1. Would you give the gap between the C-alpha center of region 107-128 and the C-alpha center of region 10-66, rounded to a whole Å?
2. Can you give the Rg and Dmax of region 1-87 based on its C-alpha atoms, in angstrom?
3. Relative contact order, percent, of region 40-128 when contacts are C-alpha pairs under 8 Å separated by at least 6 residues?
4. Over region 73-114, what is the relative contact order in whole percent, taking alpha-carbon pairs under 8 Å and six or more residues apart?
5. Can you give the calculated 222 nm mean residue ellipticity of the chain, where each DSSP H run of n ≥ 4 adds -39,500 (n - 2.57) and the sum is split over every residue, rounded to the nearest 500 deg cm²/dmol?
6. Give me the number: length gained by fully extending ASN63 to LYS119, i.e. 0.36 nm times residue separation minus the C-alpha to C-alpha distance, one decimal in nm.
7. Taking 8 Å as the Cα distance limit and 6 or more residues as the minimum spacing, I'd like the relative contact order of region 26-91 as a percentage.
8. Among the listed pairs LYS62/LYS123; LYS74/LYS119; LYS62/LYS128; LYS50/LYS113; LYS23/LYS50; LYS67/LYS123, give every one whose C-alpha distance is greater than 23 Å.
Amino acid sequence: TLPKHDKLNIWGFNPTFINRTTKNPFNLMDRTYPVDIGYSNRESYQLEIKVPESMTITDLPKNMALKIAEDGAKYSYNTKFENGVLSFFQSTSMNKPIYEVEEYFSLKELISKIIQQQKIDYKIQTKK
C-alpha cells in the first residue's frame with residue numbers, strides 16, 4: 001500500500017528505495033588532501049511499474065544529467081509515464097578511485113544534488 005498524501009486520493013511514491021543516498025559524505029568546509037574512494041564504480045537502477053488504469057501519475061520529477069569536470073563523476077535521472085507504465089532509470093558513475101583536492105567541492109555539490117533529486121516523490125492519483 002502507498003502512503004496516502006491527502007484527502008484527494010493522492011499518494012506519494014518514491015522509486016529510489018534501493019541504495020538511496022541520504023547523507024553527503026563530503027561535509028568538510030576545507031579539504032587539504034585527495035578523496036580516495038578506493039575504486040571507480042557505476043551503479044544503475046531501473047524500474048518499470050504498471051499503474052492500474054484507475055490511477056494516473058500527476059507529477060513527475062524532471063529528468064536531469066549532471067557531471068563534474070572531465071567526466072570524473074556523473075549522475076543521470078530519467079523518468080516517464082506512458083501507456084500506464086511508469087519507467088524510471090538512475091545511474092551514478094564515480095569514474096576515478098582518487099579525486100584531487102580541487103575536485104572536492106564539485107563532488108560535494110554533485111552528491112547534494114543527487115540527495116535532493118532522490119527525495120522527490122511522484123504523485124499518484126485516482127482518476128476522476
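1. Result: 7 Å between the Cα centres.
2. Just the Cα atoms of region 1-87 yield Rg and Dmax of 17.9, 56 Å.
3. 39 percent
4. Details: 36 pairs, mean separation 16.0, N = 42.
RCO, region 73-114: 38 percent.
5. Numbers: 1 runs with 15 residues, N = 128.
Here the helix-only value at 222 nm equals -4000 deg cm²/dmol.
6. Values: separation 56, 0.36 × 56 = 20.16 nm, distance 1.38 nm.
Roughly 18.8 nm would be gained on extension.
7. Numbers: 78 pairs, mean separation 23.3, N = 66.
Reported relative contact order: 35 percent.
8. Details: LYS62/LYS123 13 Å; LYS74/LYS119 18 Å; LYS62/LYS128 25 Å; LYS50/LYS113 28 Å; LYS23/LYS50 31 Å; LYS67/LYS123 28 Å.
Over 23 Å Cα-Cα: LYS62/LYS128; LYS50/LYS113; LYS23/LYS50; LYS67/LYS123.
Read-outs throughout are calculated quantities, based only on the coordinates presented, and are distinct from any laboratory measurement. Owing to the predicted nature of the structure, the values given are computational and were not obtained by experimental measurement. Every residue, glycine among them, receives a Cβ derived from its backbone with ideal geometry; neighbour counts consider all protein chains shown.
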